[in-house]
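Asks: Okay, handing you the structure first.
Read the figures in this text as sums done on the coordinates, not as results from a lab. In this text, all values refer to a predicted model and were calculated from it rather than measured experimentally. Note that we place each Cβ from the backbone using ideal geometry, even for glycine, and neighbour counts take in every protein chain shown.
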Amino acid sequence: MKTKTNNLKILVLLLISVLSIYSSCEKDEAISGDSYLKVINDCNVSIKVYFDDAKLGSLSSDKNETWSVPSGTHTIKATSSFYKDYEASHKFYSGQTTTIRLELSNNGKSELIERSD
């Protein structure tokens, strides 16, 4: 029985290793357009930012970044390892910057939310 338990532990560690390698291999996609997306990460964790399922990049805690994106209605998603994802549709207008400020919820749900100022 002890051998089965040890084998299971090894298998779980191997699976975790493979998943972490896979997630770190995800490449940022180059997107450009006539409008801009600015994401402000007010969380104490790093996040990954997606534009219509294309990974724009990663942001460390308390950092922000602006990307050139096409105008129109698009889905923005932010993910973090231990929190529920943020996902919402936003309208982007030519020549304008759409700013999204993300923070961790304080409602006990462990999720990324958009902060309204």
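Asks: What nm distance separates the two modelled labels at Thr97 and Ser58, each placed 7 Å from Cα along Cα→Cβ?
Replies: Distance between the two pseudo-spin positions: 2.5 nm.
Asks: Let me ask you something else. Looking only at the stretch 85-117, which residues have a backbone nitrogen under 15 Å from a spot 7 Å from the Cα of Glu65 in the C-beta direction?
Replies: Taking a point 7 Å out along Cα→Cβ of Glu65, the residues of the stretch 85-117 whose backbone N falls under 15 Å are 100, 102.
Asks: To continue, here is another question. Could you list the GluC sites (Glu not before Pro) in the stretch 24-102 that lie in coil according to DSSP, counting only those with at most 12 other Cβ atoms within 10 Å of their Cβ? Don't jump to the answer; show the numbers that get you there.
Replies: On the way: sites: Glu26, Glu29, Glu65, Glu87; in loops: Glu26, Glu29.
Within the stretch 24-102, the qualifying GluC sites (Glu not before Pro) (loop, at most 12 other Cβ atoms within 10 Å) are Glu26.
Asks: Starting with the fewest neighbours, write out Tyr86, Tyr36, Tyr93 ranked by other beta-carbon atoms found within 10 Å of each beta-carbon. Display every interim value, and only then the final one.
Replies: Values: Tyr86 22, Tyr36 17, Tyr93 12.
Fewest-to-most Cβ neighbours within 10 Å comes out as Tyr93, Tyr36, Tyr86.
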